[in-house]
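Q: Here you go, one structure.
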Amino acid sequence: MNKLVNKTLIAAAVATTMMAGNAYAGSHSESITVVSWGGAYTKSQVEAYHKPWMAATGNTIVSEDFNGGLAEIKAQVEAGNVTWNVVDVELSDAVRGCDEGILEVIDHSTLPDGDNGVPAAEDFLPGALMECAVGNIVWSTVFIHDESKIQGVDGLTDFFDLGKFPGKRGLRKGAKPNLEFALMADGVDPADVYEMLSTDAGIDRAFAKLDTIKDSTVWWESGAQPPQLLADGEVTMTTAYNGRVFNAIASEGKPFVINWDGQIWDLDLWVVPKGAPNQEATMDFVKFSTGTKPLADQASWIPYGPLRKSSFGLVGTFHNNAEIDMGVHMPTAPDNFKRALQNDFEFWADNSDQLNERFNAWLTK
Amino acid sequence: MTTANPSIDQTDTLPLKQKLAKTTAIQRRRAFLLTVPLVLFLLISFVFPIGQMLFNSIHNDKVSGVVPKFAVAIQSWDGQGLPSEEIFEIFVKDLAIAKKVREVGRTAGNMATRINYELPGSRSLFTKSARKVGKITEGPYKEALIKIDKKWANPQVWLTLQRASHDLGPSFYVAAMDMKYNEAGEIVKADELYQIYLQNFIKTMWLAALITFICVLLAYPVAYLLAILPLRQSNLLMIMVLLPFWTSLLVRTTAWIAILQTEGVINDLLVYFGVIGEDGRIQMIYNQTGTIIAMVHILLPFMVLPLYSVMKTIQPSYMRAALSMGSKPFNAYRRVYFPLTIPGLAAGTLLVFILAIGYYITPALVGGQDGLLISNLIAYHIQKSLNWSLGAALGTMLLVVVLIFYWLYNRLIGIDKLKFG
């Protein structure tokens, strides 16, 4: 469904931009496939990156949705039949894909300077430029509740308190990032979470905490599910990606509340599968879309923070409601950032196989 | 001109038989040509992928492909203490080359992932070291490598590397059977907290059997009605059986979500009529119950149709004859009608059971935490963890289980008795 909508959107955009684009791009136009997570997030990218780029170059973009991970990229590269040009992945996947040699190395010196003249290498936040990836946004996993049904939720501890707030909980199916949430709810300081998870005792403690709500948990897999579960009344509280929740609040008027206590933030990055066709247009899109203005524009559609410092000052209001200041809804806004944890990609690269095995075994018991 | 009609030549009478055989052989070959597209299709879409799966489950060259010289050299190590300086040198040099070349499937990251399966937490040891080994230009290599990370002084790392240097090996079956290699390299049971696959196999078989049984209970009367009702009514009934059969699997599964969820139709009705309270809403989906209900509904036509096609051919006069000879209705049914339906019943149960045991999409959508089947775990390893070899090993085990059931079935009922229509 999303794919269809995207394609229609793009077709419309192409139709209107073709004339303008052709004026100077001539008849030589190329098509690239950009893959992202769908829904409100892909929409923000289509509006802020795809459309302006198509207008400027006369090239076309086919937008596809996926659910994250490296499976498709790996399959395409190993079969020697790469059809995706640019893919939006999490940090841990960007690192792993680079290590396994299925991603193109990206030369950061070719990235444009910020609008204020600061070179890209200094303009991007630390960690946003990887050997095979260019970061675009900060996003976060938070927990949410429906204000019309329960009030007085105070911090992550309440998420695990079935006595105070009876009802079902929604959690992402997988070890990440539930173990971190469990430890933080158990009183562990965000700074000590991964150190503790490196020990058997720490893992046991996290699972023991999850045990307390296991029988009341509904597990979700794609980002679109948790707001729907909450809207349907299937769960009383659920973890969710902050951007999608904001969208349900701002666009659909849902009475949801985002609880920022114990949020776990992560980066999303553009990567290019090794051997992707139309390399020149592909790299041109990566450079264009991670420029100061597109990153700032993107943030007016969904509250995912831009990764360029020069974009911060340009983040304005919600695209169709000038009363909503996007800045305060970002994961990195000071009020939201009081007790926050950055997802440790190296920890998960090392331990996800083992911990997911234990998680799957735990789930079926 | 002289040989205008050689076939009636006297000298040809003897090989006439052979000639006939030759002609029919040619005809047979031509007829076979017609099946070539199908044979090719089966080879490409069936035999080859399954062969590849079997191969992948025992073959993994992620160590020998990345550090080829080391993979040979390490075999001479006796497993005591740490490998010799010479082996360390070969390892460092191989790793530096792999880091530089960055060939798909041949990078240090591939080896890191492979070793991490057996030695959790060692992935970053390889990827980090690969970034730094280029700087080691002279010996002693052993010390230099241990200086990069002291985990290299752990014999366990080298033992695992030695084992994984063999391209062929049972290690993925070891993992798929909830076992692991201990520090001495012996195969032992995995920690109970990490056991998952064998239990899931048993659960999958039990659920598939249960679903098949429920399908028999529901389908038998429906098929019987279909067979005996007059054409007008039976046509209508047939459409009601077939309509869901023609509807998309996803639509049917999501329809069950709408009906069964705690805020769904059934719970709403029960609350409305006061059968249960607002707090007592029943959990019927995102668990094993949900999987069973949705799968029974989806697989039901596979039971109804073979049963119906067999029942349709049973003459009503058989039953009448039995009754007229003084049999009680139940006895007549049990001794005359029921045995005649066995071929259809056999076909239906085999079909439903084998489909159910490998079912994926429905449990994935409505299975929640305890309604997952083995195919969901296979999909997890193919799509998420990217441990294709383990996925292949589990897939092979599933294939073997299905073949065993097929064999058992053949022994008990006889595959030639099956009747699909």
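Q: Once you put a point 7 Å from the Cα of B:Asn287 and another 7 Å from the Cα of B:Arg320, both along the Cβ direction, what distance in nm separates them?
A: My value for the distance between the label points is 5.2 nm.
Q: Using a Gaussian network for chain B with springs between C-alpha atoms less than 10 Å apart, which of these wobbles most: B:Met311, B:Met397, B:Met325?
A: Maximum among the listed residues: B:Met325.
Q: Right, another one. Are any of the pairs A:Lys149/A:Lys309; A:Lys176/A:Lys338; A:Lys51/A:Lys168; A:Lys51/A:Lys309; A:Lys214/B:Lys180 more than 31 Å apart by Cα-Cα distance, and if so, which? List each step's numbers first, then the result.
A: Working: A:Lys149/A:Lys309 39 Å; A:Lys176/A:Lys338 21 Å; A:Lys51/A:Lys168 41 Å; A:Lys51/A:Lys309 23 Å; A:Lys214/B:Lys180 28 Å.
Flagged as over cut-off: A:Lys149/A:Lys309; A:Lys51/A:Lys168.
Q: If you consider only alpha-carbon coordinates, what radius of gyration and Dmax does chain A have, in Å?
A: 20.7, 67
Q: How long is the gain from B:Arg28 to B:Ala258 if the chain were fully straight, where each residue apart is worth 0.36 nm and the alpha carbon distance is subtracted?
A: Length gained between B:Arg28 and B:Ala258: 77.2 nm.
Q: Something else: Per-residue HN-Hα couplings for the range B:224-236, Karplus 6.51 cos²θ - 1.76 cosθ + 1.60 at θ = phi - 60°, whole Hz, x for Gly and Pro?
A: Whole-Hz 3J(HN,Hα) from phi for the range B:224-236: 4, 4, 4, 6, 9, 5, x, 3, 4, 5, 5, 4, 4.
Q: Need one number for the range A:203-327: average projected area of the convex hull over its C-alpha atoms, nm². List each step's numbers first, then the result.
A: Numbers: hull surface 44.8 nm².
Mean projected area for the range A:203-327: 11.2 nm², to one decimal.
Q: Now for a different question. Starting from the Cα of A:Ser109, step 7 Å toward the Cβ, then list every residue of the range A:272-287 with an amide N under 20 Å from that point.
A: A:280, A:283-284, A:286-287
Q: Looking only at Cα atoms, what is the convex hull volume of the range A:77-157 per residue, in Å³?
A: In the range A:77-157, the Cα hull volume divided by residue count equals 214 Å³.
Q: Here is a further query. Which lysines does B:Lys312 reach when only Cα atoms under 21 Å apart count, and residues fewer than 8 places away in its own chain are ignored?
A: B:Lys417, B:Lys419
Q: Another one. Would you kindly calculate the translational diffusion coefficient of chain B, applying Stokes-Einstein with the Kirkwood radius from alpha carbon pairs, for 37 °C and a viscosity of 0.692 mPa s, and quote it in µm² s⁻¹ without decimals? Working shown, then result.
A: Numbers: Rh = 27.4 Å.
Result for D is 120 µm²/s.
Q: Rounded to the nearest 0.05, what FRET efficiency is calculated for A:Leu314 and B:Lys135 with R0 set to 60 Å and r the Cβ-Cβ distance?
A: Values: r = 42 Å, r/R0 = 0.70.
Step by step, r from the Cβ atoms, then E = 0.90.
Q: Give the shape of the range B:78-131 as rounded, prolate or oblate, defined through the alpha-carbon gyration tensor: a ≥ b ≥ c are the square roots of its eigenvalues, a/c under 1.5 means rounded, and otherwise the shape is prolate if a/b is larger than b/c and oblate if not.
A: In terms of gyration-tensor shape, oblate.
Q: Related question: May I ask you to order A:62-71, A:346-355 by the average number of other C-beta atoms within 10 Å around their residues, highest value first?
A: Highest mean packing first, the order is A:346-355, A:62-71.
Q: Oh, and also: Relative contact order for the range B:68-166 using alpha-carbon pairs under 8 Å, separation at least 6, rounded to a whole percent?
A: Once divided by the residue count of the range B:68-166, the mean separation gives 33 percent.
Q: Moving on to the next point. What's the exposure ranking of A:Asp107, A:Asp266, going from fewest to most Cβ atoms within 10 Å?
A: Working: A:Asp107 8, A:Asp266 23.
By the 10 Å Cβ count, ascending: A:Asp107, A:Asp266.
Q: Assuming 1.002 mPa s and 20 °C, estimate D for the range B:93-246 with Stokes-Einstein, Rh taken as the Kirkwood radius over Cα pairs, in µm²/s. Numbers along the way, then the final one.
A: Working: Rh = 20.7 Å.
So the translational diffusion coefficient is about 104 µm²/s.
Q: Starting from the Cα-Cα distance between B:Thr313 and B:Leu210, subtract it from 0.36 nm times their residue separation and give me the gain in nm to one decimal. Could you put the intermediate results ahead of the total?
A: Details: separation 103, 0.36 × 103 = 37.08 nm, distance 2.85 nm.
Once the chain is fully extended between B:Thr313 and B:Leu210, it gains 34.2 nm.
Q: Further question: Counting only C-alpha contacts under 8 Å and six or more residues apart, can you give the relative contact order of the range B:197-417 as a whole percent?
A: With pairs under 8 Å counted, the relative contact order is 26 percent.
Q: May I pose another question? B:Lys17 versus A:Gln151, label points 7 Å from Cα toward the beta carbon: distance in nm?
A: 10.3
Q: Let me ask another. Cα convex hull of the range B:197-417: mean projected area in nm², to one decimal?
A: 15.9
Q: Suppose a student asked you for the relative contact order of chain A, using Cα pairs under 8 Å spaced at least 6 residues apart; what percent would you report?
A: Details: 650 pairs, mean separation 89.4, N = 365.
Relative contact order for chain A comes out at 24 percent.
Q: How high is the FRET efficiency between A:Ala121 and A:Ala208 when r is their beta carbon distance and R₀ equals 56 Å, given to the nearest 0.05?
A: Numbers: r = 44 Å, r/R0 = 0.79.
Efficiency, from the Cβ-Cβ distance: 0.80.
Q: Taking Cα atoms, how many degrees apart are the long axis of helix B:48-58 and the longest axis of chain B, rounded to 10 and kept between 0 and 90?
A: Helix B:48-58 and the main axis of chain B meet at about 40 degrees.
Q: Which percent of Cα pairs goes in each bin when the distances of the range A:26-95 are cut into 5 angstrom slices starting at zero?
A: Here the calculated profile for the range A:26-95 is 3, 15, 23, 23, 17, 13, 5, 1, 0.
Q: Neighbour counts of other C-beta atoms within 10 Å: give me B:Ser317, B:Ser129, B:Ser327, A:Ser251 arranged from fewest to most.
A: Ordered from fewest to most neighbouring Cβ atoms within 10 Å, B:Ser317, B:Ser129, B:Ser327, A:Ser251 come out as B:Ser317, A:Ser251, B:Ser327, B:Ser129.
Q: Can I ask one more? Test of understanding: express the Cα radius of gyration of the range B:162-283 as a ratio to 2.2 N^0.38 Å, with N the residue count.
A: Here the Cα radius of gyration is 1.79 times the empirical estimate.
Q: How big is the C-alpha Rg of the protein assembly as shown next to the rule-of-thumb value 2.2 N^0.38 Å, as a ratio?
A: Cα Rg divided by the expected 2.2 N^0.38 Å: 1.14.
Q: Between B:Ala153 and B:Ile97, what length comes free when the chain is fully extended (0.36 nm per residue of separation minus the Cα-Cα distance, one decimal in nm)?
A: Working: separation 56, 0.36 × 56 = 20.16 nm, distance 2.22 nm.
Here the segment from B:Ala153 to B:Ile97 would lengthen by 17.9 nm.
Q: With a 10 Å Cβ neighbour count serving as the proxy for reagent exposure, in which order, fewest first, do B:Trp407, B:Trp256 appear?
A: With the sparsest Cβ surroundings first, the list reads B:Trp407, B:Trp256.
Q: Taking a ≥ b ≥ c as the square roots of the Cα gyration tensor eigenvalues, with a/c under 1.5 meaning rounded and otherwise prolate when a/b beats b/c, else oblate, which class fits the range B:68-166?
A: rounded
Q: Still on this structure, I have one more. For the protein assembly as shown, can you list the cysteines whose C-beta has no other cysteine C-beta under 4.7 Å from it?
A: Lacking a cysteine Cβ partner under 4.7 Å: B:Cys215.
Q: Something else about it: Given a Förster distance of 35 angstrom, what is the FRET efficiency for B:Tyr406 paired with A:Glu131, based on the Cβ-Cβ distance and rounded to 0.05?
A: The computed FRET efficiency comes out at 0.10.
Bear in mind these aren't lab numbers, they're just calculated from the coordinates by the rules spelled out. Quick caveat, the model's predicted, so the values are computed rather than measured. Because the Cβ atoms are built from the backbone with ideal geometry, glycine has one as well, and the counts that use them run over all protein chains shown.
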